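Shown next, in structure tokens, is the structure this report addresses.
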Amino acid sequence: MLTWTKDIKEAAHQLNLVSEQDKNQLLLALADATEKNIDFILKENKKDLDAMDPKNPMFDRLKLTEQRIKDIASDIRKVSSLPTPLDKIIEQRTLPNGLSLTKKSVPFGVIGIIYEARPNVSFDVFTLCFKSGNVCVLKGGTDAHNSNVAIVSIIKNVLTEHHLNPNFVHLMPAGRESTAELLSAVGVVDLIIPRGSKGLINFVRENSHVPVIETGAGICHAYFDEFGDIEKGKAIINNAKTRRVSVCNALDCALIHSSRLNDLSELCSPLSKSHVVIEADERAYVALKGYPYLEKADDESFGTEFQDYRMAIKMVDSIEEAIAHINTYGSKHSESIITENEANAEKFTKQVDAACVYTNAPTSFTDGGQFGMGAEIGISTQKLHARGPMALPELTSYKWIIKGNGQTRP
């Protein structure tokens, strides 16, 4: 057995004995230490940024700023204030034979996270895993290696200062070899969560010997219905596309009801201020002739997660066509309808297959912090166990506890 796996197994047993009060005190201390080390974190982050082309869509995800670090510290404090997800009684009953059954929430044990150029994930994952009683094994991308090493060193220092096992968090070395180790750690790692591109998620799903919950890939749509309000539509589409183009909840495709073709130019007008390139189908292309950043859509325009100032537009003749398009090209992440028609909103909500479905609001709200969860470990696009933003409750499993008084089975 590899050395790190032995350390991690021991740490998982020890973490079960740490009280909720001690966990919360540790997280508050970590938030303070994070703010005190802003200059150090930024210096190490700059090493990673200097090695990446600023035009790379991942650059914004990689970049840490003083405000972003302060926001991370705030999220850590928020998580510390949340109720523990552990030891919750999910179900309880007594059988006719007198056996008492209790179904109670428990930690998974050890959770491995494989992620790309997002150093904030290192903080988020440790915070949520520690609070929910899980040891975390981090496998970040080489693009963020210096940032991740700095962050994990801060976490380990705080753990040591509080006389807790520094192996409650473990950072794997950069490189593919350590990824293979993590994916093969059966009997040590209980769950793998990949966060990143579709390619990364597919690789983890196809190669992992450990159970996987898929997160991250977001191909998001907004459907502007024939009964949509133009002012709401302009604001929602612009916010969903331009707030942060590199994140998984950013808009990739707007579907517009053909009866609103004459409103298309006004609907898209705010996008030009951010130089958003529009890949438009034939009808939309003609209607958007005056838009300064216009291209004709092709077969690759739909079903693509752009992660850039670029989006597709397609005209549809019915809400049924919009729903069919989304269910064909979407990634089951986040979808939105803009409409004043309650029946259409209800139809869209019921028939669109996604973890988060919005009415008259942008997909940019799909976020654990925005949902009041403090932080998130990822957005699950699966249907088993967890779906949507994954936070403390989603990082637990359960066990049955049975109490008897000498009963035997006939």
* Asked: Is at least one residue of the stretch 48-55 in contact with a Pro (Cβ under 8 Å, 6 or more places away or on another chain), buried (at least 18 other Cβ atoms within 10 Å of the Cβ) and of a type outside the set (A, V, I, L, M, F, W, C)?
  -> yes
Flagged in the stretch 324-344 as buried (at least 22 other Cβ atoms within 10 Å of the Cβ) and hydrophobic (A, V, I, L, M, F, W, C), in numbering order, are Ile326, Ile337, Ile338
If we keep only residues of the stretch 385-400 that are within 13 Å of the chain's Cα centre (by Cα) and not aliphatic (A, V, I, L, M), then the residue surrounded by the most Cβ atoms within 10 Å (Cβ to Cβ) is Pro389
Among Glu116, Glu177, the single one that is closer than 30 Å to Thr65 by Cβ and modelled with pLDDT under 95 is Glu116
Met390 meets each of (1) in the same structural domain as Gly112 (by TED's automatic domain parsing); (2) under 18 Å from Gly218 (Cα atoms); (3) without any contact (Cβ under 8 Å) to a residue 60 or more places away in the chain with one exception, condition (3)
- Item | Filter result for Thr381 (hydroxyl-bearing (Ser, Thr, Tyr) and at pLDDT 85 or above) | no
Filtering the stretch 194-232 for residues that are of a type in the set (Val, Ile, Thr), in a helix (DSSP H, G or I) and under 17 Å from Gly140 (Cα atoms) leaves a count of 2
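Residues checked against (1) outside the structural domain of Thr359 (by TED's automatic domain parsing); (2) in contact with a strand residue (DSSP E or B) (Cβ under 6 Å, 6 or more places away or on another chain); (3) more than 21 Å from Ser364 (Cα to Cα):
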{"site": "Glu226", "(1), (2), (3)": "no, yes, yes"}
{"site": "Asp252", "(1), (2), (3)": "no, yes, no"}
{"site": "Asp263", "(1), (2), (3)": "no, no, yes"}
{"site": "Cys268", "(1), (2), (3)": "no, no, no"}
{"site": "Asp298", "(1), (2), (3)": "no, no, yes"}
The residue from Thr359, Thr349, Thr363 that alone is crowded, with 22+ Cβ neighbours inside 10 Å and touching a residue at least 12 places away in the same chain (Cβ under 8 Å) is Thr363
| said: crowded, with 19+ Cβ neighbours inside 10 Å, under 23 Å from Met172 (Cα atoms) and either modelled with pLDDT of 95 or more or not aliphatic (A, V, I, L, M) (or both): is that true of Leu42 in this structure? | reply: no
Filtering the stretch 183-218 down to residues that are basic (Lys, Arg) and in contact (Cβ under 8 Å) with a residue 12 or more places away in the chain yields Arg195, Lys198
When every residue in the stretch 276-315 that is at pLDDT 95 or above, of a type in the set (Val, Ile, Thr) and surrounded by fewer than 21 Cβ atoms within 10 Å (Cβ to Cβ) is compared, the one nearest to Pro57 (Cα to Cα) is Val277
Flagged in the stretch 177-200 as in contact with an Asp or Glu (Cβ under 9 Å, 6 or more places away or on another chain) and surrounded by fewer than 22 Cβ atoms within 10 Å (Cβ to Cβ), in numbering order, are Ser197, Lys198, Leu200
Among Ala144, Ala240, Ala235, the single one that is within 23 Å of Pro57 (Cβ to Cβ) and in the same structural domain as Lys347 (by TED's automatic domain parsing) is Ala240
Being of a type outside the set (S, T, N, Q), outside any helix (DSSP H, G or I) and within 24 Å of Glu44 (Cα to Cα) narrows Ala144, Ala117 down to just Ala117
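The values are calculated or read from the model by the stated rules, or taken from the named source; none is laboratory data. Not measured: the values here are computed from a predicted model. Every residue, glycine among them, receives a Cβ derived from its backbone with ideal geometry; neighbour counts consider all protein chains shown.
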